[in-house]
1. Considering amide H positions built from the backbone, and no H for Pro or chain starts, which residues 5 or more places from K111, or on another chain, come under 5 Å of its amide H?
2. Once neighbouring chains are kept in place and the probe is 1.4 Å, which whole percent of the accessible area of region 131-265 is contributed by carbon and sulfur?
3. What whole-number value in Å² describes the accessible area per residue of region 5-151 for a 1.4 Å probe?
4. Multiplying the sequence separation of K27 and D92 by 0.36 nm and subtracting their Cα-Cα distance, what value in nm do you get?
5. Please give, to one decimal in nm, the separation of the simple spin-label points placed at I244 and K297, each 7 Å out from Cα toward the Cβ.
6. For region 342-397, with all protein chains present and a 1.4 Å probe, just round the carbon and sulfur fraction of the accessible area to a whole percent.
7. Relative to the Cα centre, what is the charge dipole magnitude of region 317-428, using +1 at the beta carbon of each Lys and Arg, -1 at the beta carbon of each Asp and Glu, and rounding to the nearest 20 debye?
8. To the nearest Å, what is the center-to-center distance of region 388-417 and region 4-35, using C-alpha atoms only?
Amino acid sequence: MIGTGYVGLVSGACFADLGNDVICVDKDLKKINNLKNGIVPIYEPGLTELVKKNYNIGRLKFTNNLGYAVKKSNIVFICVGTPTKKNSNAADLTQIYKVAKEIGKHILKFKIIINKSTVPVTTGDEVERILSKRKSKKLFSVVSNPEFLREGEAIRDFSYPDRIIIGTKNSRSNKILKNLYSSLISKGAKYINVSRRAAELIKYASNAFLATKITFINEIANLCEKTNINIEDISIGMGLDKRIGSRFLRAGPAYGGSCFPKDTKAIINTADKFKINLSLIKSVIKSNDNRSILLLKRISQILKNKIKNKKICFLGVTFKANTDDMRDSSSLKMIPYLSKKGAIINYYDPTGFKKEFNNLKKVSFCKNVKSALIDSDLVIIHTEWNDFKSLNFKSIIKKKKFAIYDMRNIYTSSKMLKEKIKYYGVGW
Ligand SMILES: NC(=O)c1ccc[n+]([C@@H]2O[C@H](COP(=O)([O-])OP(=O)(O)OC[C@H]3O[C@@H](n4cnc5c(N)ncnc54)[C@H](O)[C@@H]3O)[C@@H](O)[C@H]2O)c1
């Protein structure tokens, strides 16, 4: 596994747990040394135990020596980042191509080189071109095997995937990979063999579709707010239709994280190159960009346009629960804005302090929920952690007047009404 991040480390540990010998490579030596000492750099439920177990029995190794790992392996997974390029919608493939060049130096016998990173259509062709500059095409096969795991549920998603997509027309590689995944296939995962380009596009199309579904329900939530309808009723009513499905159909803040924002941009960039206008996805991006502005407007209304010196408490700042990932979280737009307007912000997140808010005025991390809540004028439930699902706000906040803006609709308005708390949800 080249790149020991959210995807490489989880996949590496899970492949080792299935009985394979795995070497995880990262250029970050500190990360590698920590992993050797059982310190896992990311928050992912169950991962530390899985890493320690497989490291201790010798099936999982860590190194910063890419050449050593490639020489020792039959299958090489590229799992490095593909962030958005600066001032562009395109995916930055620098890390992929750098790794491909490095791999090329160390191929001595047949190897399958797999792009597990999310990469635009034709990236596999380019990796193949880079490798064939150094080595005969008989010595390698470039395959696309996109990853669909969700942070926070990554081990379960790896172990019980809905589908395994293998993009290759090379029958030898296909046979080897079907065998690699055989224990997941026997548990019910569908194994789909398509062309390399199709596999690359399946990943982007899937993420763009899910981002569209979230954005769709968020826009319907805006209509619910004006028509006195509870969006939760709409989500349930729609989601029970099997053609629609209930997942990714809950209104909330703008979608964020390390995938949807960058992948929606990258797919429109790819389509633009082929002179195809993905107008729907373009609208989704626009609507999602506007989402935090809308939610900030509502905060302003709740505070009667007096944000200065108001004590605001953020419960959760990551883009979703059960992860420490801050990439493109909507809190990165909201907290700086409110801080600039003079609010005094306390935040608590189960995954701890966030350096992203370091330089902001009057923004403090609190070590527990209670200390974050005390004395708040407004509580914003930003992330749906279980820790926030049964709080007794009145007894903790100890203030006569305060409001709650529940961006995840965790609580019900009737419960809050009984307690005479000013309570606002998303979409009603
Ligand atoms: N995070 C997710 O939930 C998720 C899910 C599915 C797919 N993906 C895709 O998987 C890819 C990786 O995402 P991630 O979140 O794991 O990224 P990440 O940033 O967490 O990890 C990437 C790792 O690669 C390492 N790296 C970079 N260049 C290297 C090199 N030359 N040699 C060795 N190591 C190197 C980095 O140090 C880093 O540790 C992306 O394309 C992403 O879109 C991510």
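The values are calculated or read from the model by the stated rules, or taken from the named source; none is laboratory data. Nothing here was measured: the structure is a model prediction, and the numbers come from that model. Here the Cβ is made from the backbone with ideal geometry for all residues, glycine too, and neighbour counts use every protein chain on show. Protein only, heavy atoms only, side chains kept; ligands, DNA and RNA dropped before computing areas. Shrake-Rupley method; radii C 1.70, N 1.55, O 1.52, S 1.80 Å.
1. It is F140, S141, by chain and number.
2. The C+S portion of the solvent-accessible surface of region 131-265 is 55 percent.
3. 45 Å²
4. Details: separation 65, 0.36 × 65 = 23.40 nm, distance 1.78 nm.
Between K27 and D92, full extension yields 21.6 nm more.
5. If labels sit at I244 and K297, their model points lie 2.5 nm apart.
6. Within region 342-397, the accessible surface is 48 percent carbon and sulfur.
7. 540 debye
8. When both Cα centres are located, 41 Å separates them.
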